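Reviewing the structure listed below.
Just so you know, all these numbers are worked out from the coordinates, no wet-lab data involved. On a predicted model such as this, the values are computed, not experimentally measured, just so you know. Ideal geometry is used to build each Cβ from the backbone, glycine not excepted, and the neighbour counts take in all protein chains shown.
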Amino acid sequence: MTTMSGSRGGPPAGAASLVLDRDGDSLRVSGPLSMAAVAAAASRGAMALAEGVAVVDLAAVSHTDSAGLALLLDWTRDAARRQAALRIDNPPAALRDLARLYRVEAFIPFAPGAARP
């Protein structure tokens, strides 16, 4: 398993870190999937996806906002460009709600019935 911290040199003071743990073809995302953490993790996640990750597991995401939704859309576009399969497991219900609100749910490969509270 490979762990990739959300930012170089640690998170800003007071901000929790987004952690990406790669295990084979899965990428486990832990911590806040929010504006403060997403920017630094975007390229690391994209690199993992380019190296064969096919499943992004969000079971350990503690918080999400529209920046998290934008990150998933970005990773989904990258996978589509490479013609690679991608599945998003265990998304928080709030993330699914945001995707519906912005009318982009059909563009994100959420696993069927995968929303959690």
With θ taken as phi - 60° and the coefficients 6.51, -1.76 and 1.60, list the Karplus ³J(HN,Hα) couplings across the range 101-106 in order, rounded to whole Hz; mark glycine and proline as x.
4, 8, 6, 10, 4, 5
Two pseudo-spin positions, 7 Å from Cα along C-beta at E105 and at V19, lie apart in nanometres by 3.1 nm
For the peptides 105-111, 74-80, what is the packing order when you average, over each peptide's residues, the other Cβ atoms within 10 Å and list the highest mean first?
74-80, 105-111
Cα-projected label distance for A93 with A54, points at 7 Å along beta-carbon direction, nm
3.1 nm
State whether the range 18-107 is rounded, prolate or oblate according to the following rule on the C-alpha gyration tensor (a ≥ b ≥ c being the square roots of its eigenvalues): a/c under 1.5 gives rounded; otherwise a/b larger than b/c gives prolate, and the remaining case gives oblate.
oblate
Amide H to amide H, which residues 5 or more places from R87 or on other chains are under 5 Å from it, using H placed in the peptide plane?
V55, V56
Going by amide H atoms built from the backbone, whose H comes under 5 Å of the H on A60, apart from near neighbours?
V29
